[in-house]
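Let me begin by presenting the structure, written as structure tokens, before commenting on it.
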Amino acid sequence: MNIIALDTSTEYCSLALWLNGSLISREVLAGQRHSELLLPMLQTMLTEVGMTLNQIDGIAFGAGPGSFTGLRIACGITQGLAFAQDIPVIGISTLEALAQQVDAPRVLAALDARMGELYFAAYEKTATGWLCVHEPLLCRPETAPEVFGDGWTGCGSGFDLYQPVLSEKYSSNLQRIVPGCYPRAREMAEMSATKFASGEGRVAEEALPVYIRNKVALKESER
């Protein structure tokens, strides 16, 4: 299969091409320029490998959680590309993509959610993929859910920003913390290849974001 994977859930703009098992990827620190950069990056990558969009069999995208604007950009571009060529789509959890990146048996994945909160999930690796021990949720670092056992690896911008609090909270569970991790399209491409092969692709209009947080900002009285 030939798959495009894209992620704009953080300040990075990330793209990958899965070409029958071969993988190429690009990441750029985009700031607020995701919508400006993504399609030219994709066209450049397709040109480099001598392909066009009508040779793509599936599109994977970072469905969230993450930046509200970034998730809307990823979903909008995925829908546009998929509608144009009738290509199936698959949304990949940004937190599960973090787990895939560090490739450890047990992973605590956390992304900075701003306003003193983080998006959090816990995963254990199995023979068939990732088992979600704690479903993605929004919480404060000090109220992150308990996990049992040791040998856990922490990763993501939530650990970068709140490492003292999370290290203390999971002092008996954590084996290590991997700094500097952010969701990347290359892991999303890897994960989606199996899903597409098993028929899990969806129609373009089902390329929808997973926000978790319903409010973009707190009212003054709620701060």
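The values are calculated or read from the model by the stated rules, or taken from the named source; none is laboratory data. Since we're looking at a predicted model, the values are computed, not measured. So basically every Cβ, Gly included, is an ideal-geometry build from the backbone, and we count neighbours across all protein chains shown. In case anyone asks, the SASA skips ligands and DNA or RNA and just uses the protein heavy atoms, side chains included. Shrake-Rupley method; radii C 1.70, N 1.55, O 1.52, S 1.80 Å.
Just a few scattered comments:
- Output for segment 177-187, where each listed residue is touching a residue at least 40 places away in the same chain (Cβ under 8 Å) and not in a loop (DSSP other than H, G, I, E, B): V178, A185, R186, E187
- Every condition in (1) touching a residue at least 40 places away in the same chain (Cβ under 8 Å); (2) over 18 Å from A74 (Cα atoms) holds for V210 except the one numbered (2).
- Criterion (open to solvent by 40 Å² or more (accessible area, probe 1.4 Å), among the hydroxyl-bearing types (S, T, Y) and either out of contact with any Pro (no Cβ under 7 Å at 6 or more places or on another chain) or under 27 Å from Y162 (Cα atoms) (or both)) met by exactly one of T78, T128: T128
- Y211 aromatic (F, W, Y), under 27 Å from E27 (Cα atoms) and touching a helix residue (DSSP H, G or I) at 6+ places or on another chain (Cβ under 6 Å): no
- Output for segment 88-100, where each listed residue is open to solvent by less than 10 Å² (accessible area, probe 1.4 Å) and more than 13 Å from V210 (Cα to Cα): V89, A97, L98, A99
- Residues that are under 16 Å from Y119 (Cα atoms), touching a Phe, Trp or Tyr at 6+ places or on another chain (Cβ under 9 Å) and not in a helix (DSSP H, G or I) were ranked within segment 141-169; the one that is most open to solvent (accessible area, probe 1.4 Å) is E146.
- Selection within segment 20-34 - over 16 Å from G58 (Cα atoms), open to solvent by 40 Å² or more (accessible area, probe 1.4 Å) and touching a helix residue (DSSP H, G or I) at 6+ places or on another chain (Cβ under 9 Å): R26, E27, V28, Q32
- Considered as a group, the residues in segment 101-123 that are closer than 19 Å to Q175 by Cα and over 17 Å from the mean Cα position of the chain (by Cα) include one that is surrounded by the most Cβ atoms within 10 Å (Cβ to Cβ), and that residue is R106.
- Among the candidates A122, A109, the residue that is under 16 Å from L161 (Cβ atoms) and either assigned to a strand (DSSP E or B) or out of contact with any Lys or Arg (no Cβ under 8 Å at 6 or more places or on another chain) (or both) is uniquely A109.
- Segment 54-73 - residue that is closer than 17 Å to A185 by Cα, part of a helix (DSSP H, G or I) and in contact with a helix residue (DSSP H, G or I) (Cβ under 8 Å, 6 or more places away or on another chain) and, of those, least open to solvent (accessible area, probe 1.4 Å): G70
- Selected residue (only one of M51, M41 is part of a loop (DSSP other than H, G, I, E, B), open to solvent by 10 Å² or more (accessible area, probe 1.4 Å) and within 25 Å of G201 (Cα to Cα)): M51
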